[in-house]
1. Solvent-accessible area per residue for the stretch 331-387 at a 1.4 Å probe radius, Å²?
2. If r is the Cβ-Cβ distance from N193 to D322 and R0 is 22 Å, what FRET efficiency results, to the nearest 0.05?
3. What distance in nm separates the two pseudo spin-label positions at D528 and A509, each 7 Å out from Cα along the beta-carbon direction?
4. So who's got an amide H within less than 5 Å of the one on S420, skipping anything under 5 residues away but keeping other chains? H placed 1.01 Å off N, in plane.
5. What number comes out for accessible area per residue over the stretch 425-547 if the probe is 1.4 Å? Units Å², please.
6. Amide H to amide H, which residues 5 or more places from W535 or on other chains are under 5 Å from it, using H placed in the peptide plane?
7. Using the Cβ atoms and a cut-off under 12 Å, what net charge is assigned to the surroundings of T318, where Lys and Arg are +1 and Asp and Glu are -1?
8. On the accessible surface of the stretch 419-547, probed at 1.4 Å, how many percent belong to carbon and sulfur atoms?
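The values are calculated or read from the model by the stated rules, or taken from the named source; none is laboratory data. Since this is a predicted model, take the numbers as computed values, not measurements. A quick note on method: Cβ atoms are made from the backbone with ideal geometry, for glycine too, and the neighbour counts reach across all protein chains shown. What goes into the accessible areas is simple: the full protein's heavy atoms, side chains included, and nothing from ligands, DNA or RNA. Shrake-Rupley method; radii C 1.70, N 1.55, O 1.52, S 1.80 Å.
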Amino acid sequence: MADTPTSGMVHPFGNVPRQTPKQFLYSGNAQHLCHPYQSASDTHVVPQHHYTMKSHSPDAGSEEYETHKQYTLDSSAASSCSRHGSPSSQSIHTGSGSPLSHEDSHSGSTNGNGSPVSASCVTEDPTDLKQKLKDLEAVMLGTDSEIVDSLEISVTNQLSLEPEKWVHMMSMPKGNLKELLIACARAVEHNNNFAIDLMIPELRKMVSVSGEPLERLGAYMVEGLVARLASSGNSIYKALKCKEPKSSDLLSYMHFLYEACPYFKFGYMSANGAIAEAVKGEDRIHIIDFHIAQGAQWISLLQALAARPGGPPFVRITGIDDLVSAYARGGGLELVGRRLSHIAGLYKVPFQFNAVAISGSEVEEGHLRIVPGEAVAVNFTLELHHIPDETVSTANHRDRILRLVKGLSPKVLTLVEQESNTNTAPFAQRFAETLDYYTAIFESIDLALPREDRERINMEQHCLAREIVNLVACEGEERVERHEVFGKWKARLMMAGFRPSPLSALVNATIKTLLQSYSPDYKLAERDGVLYLGWKNRPLVVSSAWH
């Protein structure tokens, strides 16, 4: 894997393959395509800013067409037409002081022929604009026709700007990264290309993959916005997978995240505690895991079952996972089966593994090989939000799967999910929620791993950025990150026929012990038998059990 950059001035995803049916170039250089960290020139005048869009017209076969818009704006003095460095220090204003006023005001100055020269940026007669500019040339600029042409373009473009565009330019947040990110998301939502063209270069200068938490998160949020404009979010999501590094002496990126923060440990321990409690005394146990990944969750449960008085039960695990996770593991589910079989053998637990190599939304009862007499436990750890609901497809696999599981009469269903509302919220609201949620995640990571640490950058890029880009850049079936808050999960589960099964006091005490080795900023809360783990005042992960 290529080295990951440690500076905000480079692309946070390296050489990620992407689809670009539309290309948005925020500079005149085609090499800067969709590059959110290319520094804009530091100048008071936005120089002949080109906005180029290329696309393939369905009516024109393979022909390309280009549309160019040029804006020359003096951002430091929007009401003035004079340029910095002009031979004349005279500032030319409209009568009202506004660059949008169509009232002509005359200064009384005359040119060499004795005709009056207008000191206004605009004229009532558009056909007279060129001649007035020539007159200005004689008085102020001599015979440099290039400068006159540039001024002509400037004035013409200022005349073409709609009032609301000037409002956007003048009210753009300055220096506040969070506010500017949200403002840019609103501009994207409303297809305000003018505001986007102003904000993206500013955002590029403010983000860094090795900076403070908000700067690091901002790097991926900007990438998500640019990918949304270029319709390349889905290709980025598919390319960024938590693949284990090829070097045998390095742990997986996901393991870095697992060790840096307690979120996964919290989910695994609380779910395992609920399962162990529900199958207490059972001789044959069948665990159905809807996202088994590398199977790490079940190691501690096998160990606990091995120590059960009277000997361990027979354990069968059905592991469900798709080809994306197979890529991340470096192989198919047979690798997980061999690993868990080896561990069960070490603990002398009778064990069998059933591999189901499909996505959770494709599961049917026949895939699960239910055997009468086995106590069934079904586990959804950070997975149910990936299964599409009624807003994506009329099939509504999310509720279908819950009804299917209920039909199995499980002893327990465990649900661990992010406490975030990104499923049906409008884009700008979803963007703000994503920004708030992952700010807390990045802040908590900041305590555990140095900002310049390459593995931290790799971990954030491959395990978090792919989620962020999917949330920001994708819609419809391509958006697979669709979180819901616990209240909505509760409604779905109860509608499917489930009832709450409060987590035991032992589980609560075990989690509290776990958190003692982490920052006191991690907060654990229990409400009605449901456990919430948060960072400071922001709930992040919620764990519950159902029967």
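1. Details: 2630 Å² over 57 residues.
That works out to 46 Å² per residue.
2. Values: r = 37 Å, r/R0 = 1.68.
Here the calculated transfer efficiency is 0.05.
3. 2.6
4. E484, V485
5. Working: 4950 Å² over 123 residues.
Per-residue value: 40 Å².
6. Under 5 Å from the amide H of W535 lie the amide H atoms of K523, L540, each far enough along the sequence or on another chain.
7. Details: positive: R316, R369; negative: D289, D321, E365, E374.
That sum, taken over residues with Cβ under 12 Å, equals -2.
8. On the way: 2690 of 5110 Å².
Carbon with sulfur: 53 percent of the solvent-accessible area.
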